[in-house]
Number of protein chains: 2
Amino acid sequence: MPNQSRPGTGEQARRLALGQLREAILRGEMVPAQRLVENELAERFGVTRASIRAALIELESQGLVERIRNRGSRVRVVTVEEAVAITECRLVLEGLCAAKAATAATDEQLTELTRLGTAMRKAVADGEPLTYSELNHELHVRIREFSGQQTAVALLERLNAQLVRHRFQLALRPGRPQQSLNEHLAMIEAIVARDPQAAEAAVRAHLTSVIEALRD
Amino acid sequence: MPNQSRPGTGEQARRLALGQLREAILRGEMVPAQRLVENELAERFGVTRASIRAALIELESQGLVERIRNRGSRVRVVTVEEAVAITECRLVLEGLCAAKAATAATDEQLTELTRLGTAMRKAVADGEPLTYSELNHELHVRIREFSGQQTAVALLERLNAQLVRHRFQLALRPGRPQQSLNEHLAMIEAIVARDPQAAEAAVRAHLTSVIEALRD
DNA sequence: GCCGACAAAATTGTCAACAATTTCGTTCGC
DNA sequence: GCGAACGAAATTGTTGACAATTTTGTCGGC
């Protein structure tokens with residue numbers, strides 16, 4: 001096995017193109033609705049057009065780009081209504097994960113959730129929205145991870161990728177961290193108490209509040 | 001616009017290959033875990049390998065086939081545990097759709113649900129499991145459709161495609177239609193009564209029962 | 001001055017050949 | 001007789017060129 005250890009070296013062109021293009025879109029380097037010309041991308045990433053095509057097809061079914069027959073690809077624009085609909089799906093799926101995590105997580109994993117909770121509290125108290133946003137994301141990822149629900153996790157990652165832009169906008173809103181913090185602490189408390197129903201309810205309450213915040 | 005009217009005539013090779021291959025897998029023509037050699041598929045469908053590759057990439061991200069670097073593609077085998085996990089996701093997502101449908105559906109759409117309910121009752125009474133299975137599927141599709149939740153619908157279609165084999169197995173089980181019928185009628189009743197919470201609960205109850213049935 | 005047809009440019013879709021990788025059968029050494 | 005190394009066959013990954021389609025700019029007619 002020649003190149004298993006260091007991803008990026010002998011990685012196949014298609015995977016490389018997919019990763020780079022995906023990163024570029026998620027980092028916001030591509031303006032929404034910007035045209036993605038296969039030749040330009042191929043030259044930019046140093047791979048052939050076929051690899052770009054393969055990557056675009058995959059990104060299309062992940063909902064990150066839009067492709068029209070013989071007319072090319074664009075980065076998909078997520079309207080506010082779509083963002084709400086996506087978050088509603090997140091609401092039920094993360095609720096499922098939280099309920100499962102409440103029964104399936106190990107004690108060590110529960111202490112990690114508690115640790116994250118105190119860190120978040122501190123970040124808000126210190127007035128560091130950036131740190132808080134990161135911890136926020138990590139908390140959601142951990143809960144999913146501890147649930148052991150691979151199918152739900154895969155769906156959620158796809159959904160979240162479509163929301164990066166809106167998430168960014170939301171994190172910087174003043175006053176939002178304070179409200180969000182309490183909801184997150186309630187989620188943690190319910191999971192640590194191993195109460196599936198309360199955990200699901202807490203997640204739903206939190207994401208309902210996110211939906212309301214999105215609608216401005 | 002030369003060929004907009006009749007899909008299939010001037011359809012591009014990739015779309016054609018994608019559709020045919022997808023159909024073949026869903027119809028069960030491809031045995032689970034069967035190897036899918038690109039050259040064979042290309043010859044069989046009368047398209048080039050590039051089109052087959054594109055179709056395989058798309059089917060991979062839909063969860064219908066599995067691809068391993070330099071080792072080829074196989075139709076993905078869905079274990080019972082995976083089928084359960086997938087159905088748990090369906091449970092929450094269809095619950096969401098049912099709740100939305102209870103408030104968003106038009107009166108005409110509600111009468112259609114009622115019509116479907118009586119048809120299902122008749123099919124069970126007449127002992128026609130095939131007809132019942134079809135109506136069952138149509139009911140779920142309609143509820144999703146009436147919810148107007150495009151994101152959830154897209155996710156559910158993907159999940160359902162992975163379950164065809166298990167669904168088939170389940171439909172032929174004796175005694176199952178009778179139990180399933182009551183649950184379906186409860187779903188319809190709740191939606192027609194425009195009660196979102198009851199609708200979600202009814203859908204959850206139904207799919208919980210499906211999960212139990214899957215575990216044999 | 002405006003509308004439609006026409007032609008050229010840009011872009012995507014398709015194809016066949018070539019390179020790299022893996023797998024499987026064989027052979028050599030012990 | 002058994003295990004490891006070697007090599008041939010099969011299969012996937014990649015490349016560049018070619019064909020089909022759409023878009024854009026231009027010209028002539030009204």
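Expressed as a whole percentage, what fraction of the accessible surface of the stretch A:80-214 belongs to carbon and sulfur atoms when a 1.4 Å probe is rolled over the protein heavy atoms? Within the stretch A:80-214, the accessible surface is 55 percent carbon and sulfur. Debye sum, Cα scatterers, the stretch B:104-216, no solvent: what log₁₀ I/I(0) at q = 0.10, 0.17, 0.24 1/Å? Debye intensities relative to I(0), on a log10 scale: -0.28, -0.86, -1.61. Need the list of lysines near B:Lys100 for cross-linking: C-alpha distance under 25 angstrom, and skip anything on the same chain fewer than eight residues off. Of all the lysines, those that pass the test against B:Lys100 - Cα under 25 Å, at least 8 places apart if same chain - are A:Lys100.
With the cut-off at 1.5 for a/c, could you classify the stretch B:13-75 from its C-alpha gyration tensor as rounded, prolate or oblate? Judged from the Cα gyration tensor, the stretch B:13-75 comes out rounded (a/c under 1.5). Compared with the dominant Cα axis of chain B, that is its longest principal axis, helix B:196-214 is turned about 60°. With a cut-off of 14 Å on the backbone N, the residues of the stretch B:163-200 near the modelled label site 7 Å out from A:Thr208 along Cα-Cβ are B:196-198. List the lysines whose alpha-carbon lies under 26 Å from that of A:Lys122, not counting same-chain residues fewer than 8 positions away? Within the straight-line cut-off, A:Lys122 pairs with nothing. When accessible surface is computed with a 1.4 Å probe, chains B and A are found to bury approximately 2600 Å² between them, both chains counted. In the stretch A:65-93, the residues whose accessible area drops by at least 40 square angstrom when the other protein chains are added to the isolated chain are A:Arg69, A:Glu88, A:Cys89, A:Val92; the probe is 1.4 Å and only protein heavy atoms count.
FRET efficiency for the pair B:Phe168 and B:Arg115, taken as 1/(1 + (r/R0)^6) with r the Cβ-Cβ distance and R0 = 35 Å, rounds to 0.85. Extension gain, A:Asp216 to A:Asn182: 0.36 nm times the residue separation minus the Cα-Cα distance gives 10.1 nm.
For the stretch A:20-120, trypsin sites (Lys or Arg not before Pro) are listed when DSSP marks them as loop and at most 12 other Cβ atoms sit within 10 Å of their Cβ; the list is A:Arg27, A:Arg69, A:Arg71. Classified by the C-alpha gyration tensor, the stretch B:1-117 has an oblate form. Its axis ratio a/c, with a ≥ b ≥ c, is 1.5 or above, and a/b does not exceed b/c. As I understand it, the value is the acute angle between the Cα axis of helix A:80-104 and the longest principal axis of the Cα atoms of chain A; what does it come to in degrees, rounded to 10? Around 60 degrees separate the two axes.
Take the Cα of B:Ile68, step 7 Å toward its Cβ, do the same at A:Arg49, and the gap between the two points is 3.4 nm.
Separation of the stretch B:71-104 from the stretch B:178-216 is 15 Å, based on Cα centroids.
Restricting the stretch A:8-98 to GluC sites (Glu not before Pro) that sit in a DSSP loop and have at most 15 other Cβ atoms within 10 Å of their own Cβ leaves A:Glu11, A:Glu29. With a Förster radius of 35 Å applied to the beta-carbon distance between A:Gln12 and A:Glu138, the computed FRET efficiency rounds to 0.70. Anisotropy class assigned to the protein assembly as shown is oblate, per the alpha carbon gyration tensor with a/c at or over the 1.5 cut-off and a/b no larger than b/c.
Toward the positive end of the charge dipole of the stretch A:89-216, with +1 on the Cβ of Lys and Arg and -1 on the Cβ of Asp and Glu, the farthest Cα among A:Thr208, A:Val192, A:Ala125 is that of A:Thr208. Axis of helix A:13-26 versus longest Cα principal axis of chain A: the two differ by about 50°, to the nearest ten degrees.
The values are calculated or read from the model by the stated rules, or taken from the named source; none is laboratory data. Please read these numbers as outputs of a predicted model, since none were measured by experiment. Quick reminder, even Gly has a Cβ in these numbers, built from the backbone with ideal geometry, and neighbours come from all protein chains shown. To get the accessible areas, we keep the full protein, side chains included, count just its heavy atoms, and leave off ligands, DNA and RNA. Shrake-Rupley method; radii C 1.70, N 1.55, O 1.52, S 1.80 Å.
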